[in-house]
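Here the structure is laid out as structure tokens; the discussion comes afterwards.
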Amino acid sequence: MSDLAATPLTVIKGIGAAQAEKLTRLGLENLQDLLFHLPLRYQDRTRITPIGALRPGQDAVLEGSVTGADVLMGRRRSLLVRLHDGTGSVSLRFYHFSNAQKTALSRGATVRCYGEVRPGASGLEIYHPEYRVLEGDEPLPVAQTLTPIYPATEGVSQARLRQLSDAALARLSADSLPDWLPAALRHDYQLGPLDQAIRYLHQPPPDANLEQLANGEHWSQQRLAFEEMLAHQLSMQRLREQQRAQQAPSLPPSIQLVERYLAGLRFAPTGAQRRVAAEIAYDLAQDTPMLRLVQGDVGAGKTVVAALAAMQALEAGYQVALMAPTEILAEQHFLTFCQWLEPLGIEVAWLAGKLKGKARQAALEQISSGQARMVVGTHALFQAEVQFHSLALAIIDEQHRFGVQQRLALREKGISGRLCPHQLIMTATPIPRTLAMSAYADLDTSVLDELPPGRTPVNTLVLGDNRRAEVIERVRSGCLEGRQAYWVCTLIEESEELTCQAAQGTYEDLQLALGELQVGLIHGRMKAAEKAAVMDAFKRGELHLLVATTVIEVGVDVPNASLMIIENPERLGLAQLHQLRGRVGRGSTASHCVLLYHPPLSHIGRERLAIMRETCDGFLIAEKDLELRGPGEMLGTRQTGLLQFRIADLQRDAHLLPAVRDAALQLLAEQPQAVSPLLARWLRHGQQYGQV
Ligand code: ADP
Ligand code: MG
């Protein structure tokens, strides 16, 4: 049989070019892709449940005859069909129905249906079941295996996906789907046969343990999870090797600029800042590119570390780029670096997506001519039209907002396409070890484990929003004493527009309630210039209170702000709350953060907010967050596409990681030709980090 990885979908009967095109949206291009498009869950349609044995909440196949069918008028018109099988009766309820359906489901018809049973107005009911009216006496067979439910997309139904996977399974054998793992390795880690694992997961037998499958604990799932993690690991290693093979400008340690920079600072660097700066300085002096991740909790002073690194490239006459994930943060970095570098005679350029027309042209010109040696901006810096003159160091702030892809794109911006820039990545999201081992396997790590002196930990209170009036009074008295405060409105149902409207409403309410205070508003839908003006006014102390959406989440630094109210904190992840809270506690006055939740809180909700009250330790919070939310969300991968596993789950399968790492080394040494087909199998185009 021919290799399924090389067999296009159009060999399947009924799949033409148009269907094949739709399927590429699911990443499906060949028969192997179909086999690795694994079910999300299963339904049991292998037996008919007697109606008398139904329990609420159960998904079941039923068969019975219709004893009555009525159109009820009620609040919403519905068709209610009574079904009886000798053991009991149940109602099928349809809110959308045609006349033809009504006629087919009339008294006396025999119906087979499938759906979720729930308690309704007429006893047990199934809303909109899948059904089929049986004709004649011919018995309809039940499913022979559990029914898989696949990730689908518009225009591609479950039935179509099942038909496709059946077609691929019909051609599956140990020959048509080569197992790239060497036999010795399979033996050592007790990995079962690949084709059997695949077949089992698409068509589990009727007696399969659904709970085990739902938990990903079946051997076939573990087998595939191992292979998938191995593919990611290999991809990261390949990336690292490629990186090592590149040339970078070797930058001698900066003497003059660093000295002058430090002399101008109002404070001395902490021990941790010095240590990390020294680690970076060493890397930068090498002629292979640095790829270093600096982890430091919110407020640890990563910007100073970035500046110290920048000096080394600047003193050697090269350019430095600093990229931040939001415009507000980029803007703030721009101002900070202007303040630091202009006295040293170094020009700083600014670039963001919203910069248009002449100003944009001027910035691009400053960057390509090399006139601006320091460039600060958003991801606009990745764009093809941005040409650097002599980029030697790229600094990426708050890395968790960017994917590996974007990080790699900067590499292309090096010097005359020949020298690759050094990369420094900074993040405040502490990365639990298991994640660091896989998501950041290609990076060296430094930890900034000391906060600058004089910080007072933030005192956190958890209050129900029935105490809102009290909290407003607190804001009033705090601000009248000369302090500044943030009032944060959280995301409403994933809708930015609604969230901004809500922030506007809160702003108006607070302005009314706090007539004697200057209140400002900042949210994502405002123009960049408006945002900058509001931020400036707040920084200068002209505003007492800043009503904001979570746009202020990262990087914003106003040391005099010492009070933060977060509305509906239960809507946010813990890491995000920690980031937000990190906006206060930056000065020497005691800071407070009020988590103003909307009761009632779920049990877990209460537990989560209690963690926030009890600790300011970002690492602890991140561990808890990972436990409660899973790694994808924590790293913000839904936006970036980083680390999307199909079957592996970094938390559940963390125990496999050490073995996966060993296996990766073994495979590279003994069977390097297996690497490329393994990557092609598991990682979609462009997800293969080494091939950008
Ligand atoms: P983050 O690590 O969250 O990016 P920042 O770089 O924004 O932190 O620094 C937070 C604040 O701490 C800034 O106001 C910065 O000027 C100040 N800071 C940084 N390093 C020191 C230090 N060694 N001593 C005192 N203050 C410092
Ligand atoms: Mg920062």
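The values are calculated or read from the model by the stated rules, or taken from the named source; none is laboratory data. Treat the numbers as computed from the prediction; the structure is a model and nothing was measured. Here the Cβ is made from the backbone with ideal geometry for all residues, glycine too, and neighbour counts use every protein chain on show. SASA here: full protein model, heavy atoms, side chains in, ligands and nucleic acids out. Shrake-Rupley method; radii C 1.70, N 1.55, O 1.52, S 1.80 Å.
Points worth noting:
- Value at 222 nm in deg cm²/dmol, rounded to 500, when DSSP H runs of n ≥ 4 in the chain each add -39,500 (n - 2.57): -11500 deg cm²/dmol
- Helices that extend 15 Å or more along their long axis by alpha-carbon positions and average at least 0.0 on the Kyte-Doolittle scale are, among the DSSP H runs of the chain, 302-315, 327-341, 528-539, 618-629, 657-670.
- As computed over region 326-404, the Cα convex hull volume per residue (Å³): 99 Å³
- Residue-normalised accessible area of region 1-124, given per residue in Å² at a 1.4 Å probe: 51 Å²
- Separation of the alpha carbons by more than 26 angstrom is noted, of Lys302/Lys531; Lys302/Lys413; Lys358/Lys527; Lys527/Lys624; Lys356/Lys531; Lys413/Lys531, for Lys527/Lys624; Lys413/Lys531.
- In the chain, the sites counted are GluC sites (Glu not before Pro) in DSSP loop states with at most 14 other Cβ atoms within 10 Å, and the longest stretch holding none of them, exclusive of the sites, is 543-692.
- Only Cα pairs under 8 Å and 6+ residues apart enter the sum, and on that basis the relative contact order of the chain stands at 13 percent.
- Given R0 = 51 Å, the distance between the Cβ atoms of Leu491 and Gln666 translates into a calculated FRET efficiency of 0.65.
- Heavy-atom surface of region 571-626, accessible at 1.4 Å and reported per residue (Å²): 41 Å²
- Region 59-162: trypsin sites (Lys or Arg not before Pro) in DSSP coil with no more than 12 other Cβ atoms inside 10 Å: Arg75, Arg76, Arg77, Arg107
- When the chain is reduced to its Cα atoms, the Kirkwood hydrodynamic radius in Å: 29.1 Å
- Expressed as a whole percent, the accessible surface of region 438-535 that belongs to carbon and sulfur atoms is 51, based on a 1.4 Å probe.
- Using a simple spin-label model with pseudo-atoms 7 Å out from Cα toward Cβ, Arg260 and Arg244 lie 3.9 nm apart.
- Percent carbon-and-sulfur accessible area, region 17-120, ignoring ligands, DNA and RNA, probe 1.4 Å: 48 percent
- Nearest-0.05 FRET efficiency for Ser588 and Lys356, computed from C-beta distance (R0 41 Å): 0.50
- Within the straight-line cut-off of under 17 Å between alpha carbons, the lysines reachable from Lys22 are Lys13, sequence neighbours fewer than 8 places apart in one chain being disregarded.
- Here Lys539 is the anchor, and the aspartates and glutamates within straight C-alpha reach of less than 15 Å, apart from those fewer than 8 places off in the same chain, are Glu331, Glu530, Asp557.
- Whole-number accessible area per residue in Å² for region 135-199, which is evaluated in the context of all protein chains at 1.4 Å: 53 Å²
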